[in-house]
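The block underneath contains the structure these notes are about, expressed in structure tokens.
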Amino acid sequence: MLRSPLWQALHWTEGPWKLPNMQHSRLFPTVSRNVFNIIVALFLLSLVLLSLSAFHNGTLGDSLLVRPGSNANPSQQQAQSSPPQTTDRRCSAVPDLPNVAVAIKTGANVIYDKLPMQLLARLQCADDPLIFSDLAQTLGPHQVYDALADVAANIKSGPDFDYYRQLQEYQKSGQDLRVLRDARPPAWKLDRYKFIHILKKTWEMRPGHDWYIFLEGDTYFLWTNVMLWLQQLDPNLPQYLGQQSYLKNEPFAHGGSGIVISREAMSQVFDNDPDITSRYDELAQKESYGDFVLMKALQEKGINLTPYKPMFQGERPNAVRFGPGRPSGERSWCQPLLSLHHVTPGDVDALWQYEQQRQDPTQPILYADMYQQFMAPSLPRDSDDREDWYNLSDDAHIKPPGEKAERPIPEDEMTLVQEQAYQSYDKCAAACAEYHRCMQYSYDFLAQKCSYSFSYRLGEKRPPTSDGRRHKSGWMLAKINKDIEENGCTSLEWEGFHA
């Protein structure tokens, strides 16, 4: 059995290392037994002290590193980019990790539903993530900060904050906050005030990082993909990145899909402008979306969105569009996927397990990989369709004559087969097979509506409702397989659609 040098030293007078007493006098004829024992004891004590010193420098010394947000010099701050000590394979897969700060936005009424699983899986690689809500509390070892603490007093006293005051009362009286999980409209009103304050607080609490990643409680970031992507970008440029949504024909980064902002952009927004949050509290009163208000604050400083759709994704895995897109020429296939939204705890676990079990965790996960992992195995095997299932087909609709359909088939492409698609499920299937862009279809029996998708999507089970609504869905598997064969990934596409 192998023994450490320290163990051997402590036991050198026993067992196979024992020297007979008769040898003591032969080796040290002029030294008494007591003096000899004192020398041995001092020697062993010095070995113990040296071992303890090495252990302290190798482990406990790491805790003396300056935390992000302190007055660390650049070399100390760079040390924070090393992955946390964890068995999560993603954390050490990418060398020279970008120096990132992660902040999560959630609500007190849903924090116990969304955050625990995220902290166990998705956020293991994040170094001391900040959690913001509409109520200050704790979540195990994590401090949850009140994102609304510094909202302008005149606004905070208004009706938008009635729910905020209710949360405080529930907390003071020890009531279960989960009973408020259905309070969505008032929680939504509060949410629009959070964004700009979360950014400012994160900049104050974690200054000097290269990149700032802002997520929601039900957003999943694919860590390796995000790190590989950020390595290609320059944090010294004012960058505001995400999936584009539109309001008033203005693009803004969708908060649920995740928002990434560079160090330079954060500096330009918040340095030398202490009143910026109070100005945008006023705007938040008039707007519906906090991520739109945030865009306005960045836009004021000359920082515009760089769109990265579909790399940032606003859907959960079963709703993701694979292959061709609704706009002609768009395709979600060879891009690395950065984020997913509306994920359930089951989704988080499945995604995390997939990231852990991949053969090579250093390689990015593409849309094509996600299809093979999450959609292809779930498609029907013995037929092309599934009862009581809605596969989210919504790119084109055919309804009975006299009923206006949203996104209708163009008139010059309406054949007799297309015109009759609304009449039955079988005719809907035949019409999809004929239509060149249709990859899958769904039929609503109550509304007599035939719907197409130009992408392939999995969707979800939809049991019949009490009013008689029932769905049945089908996939053009031959078309899908042909599309996949013709569009292999010869290179990675690290760019988003700009349409």
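For the reader, a short list of remarks on this structure follows.
- Take every DSSP beta bridge whose two residues both sit in the range 100-307; close to 50 percent of them are antiparallel.
- Solvent exposure of the range 383-487, expressed per residue, is 50 Å² of accessible area, with all protein chains present and a 1.4 angstrom probe.
- Loop-resident sites, the range 374-463, for chymotrypsin sites (Phe, Trp or Tyr not before Pro), counting at most 14 other Cβ within 10 Å (DSSP): Phe445
- The largest accessible area among Phe497, Phe161 belongs to the first residue in Phe497, Phe161, and the rest follow in falling order (1.4 Å probe, all chains).
- Eligible aspartates and glutamates near Lys172 by straight Cα distance, threshold 19 Å, same-chain separation 8 or greater: Asp134, Asp146, Asp162
- Nearest-20 debye value, the range 100-307 charge dipole, Cβ charges on Lys, Arg, Asp, Glu: 320 debye
- Separation of alpha-carbon centers, the range 191-217 and the range 244-279, rounded to whole Å: 10 Å
- Taking 0.36 nm per residue of separation and subtracting the current Cα-Cα distance, fully stretching the chain between Ala478 and Ala149 would add 112.8 nm.
- Overall dimensions of the range 186-263, expressed as equivalent-ellipsoid semi-axes from the Cα gyration tensor (√(5λ), whole Å, largest first), are 21, 16, 14.
- Solvent exposure of the range 100-307, expressed per residue, is 39 Å² of accessible area, with all protein chains present and a 1.4 angstrom probe.
- Across the cross-link table entries Lys248/Lys309; Lys399/Lys479; Lys189/Lys461; Lys404/Lys482, which are compared at the Cα atoms, the separations over 30 Å belong to Lys189/Lys461; Lys404/Lys482.
- Whole-Å semi-axes of the ellipsoid equivalent to the range 100-307 (Cα gyration tensor, √5λ, descending): 26, 21, 15
- The order of Asp395, Asp385 by accessible area, most exposed first and with a 1.4 Å probe, is Asp385, Asp395.
- With one equal scatterer per alpha carbon and no solvent term, the Debye-computed log10 I(q)/I(0) for the range 360-499 at 0.16 1/Å reads -0.87.
- Apportionment of accessible area to carbon and sulfur, the range 383-487, percent (1.4 Å): 49 percent
The values are calculated or read from the model by the stated rules, or taken from the named source; none is laboratory data. All values derive from a computational prediction rather than experimental measurement. Positions of Cβ are backbone-derived with ideal geometry, glycine not excepted, and every protein chain shown enters the neighbour counts. Accessible surface is based on the protein model in full, side chains and every heavy atom, while ligands, DNA and RNA are left aside. Shrake-Rupley method; radii C 1.70, N 1.55, O 1.52, S 1.80 Å.
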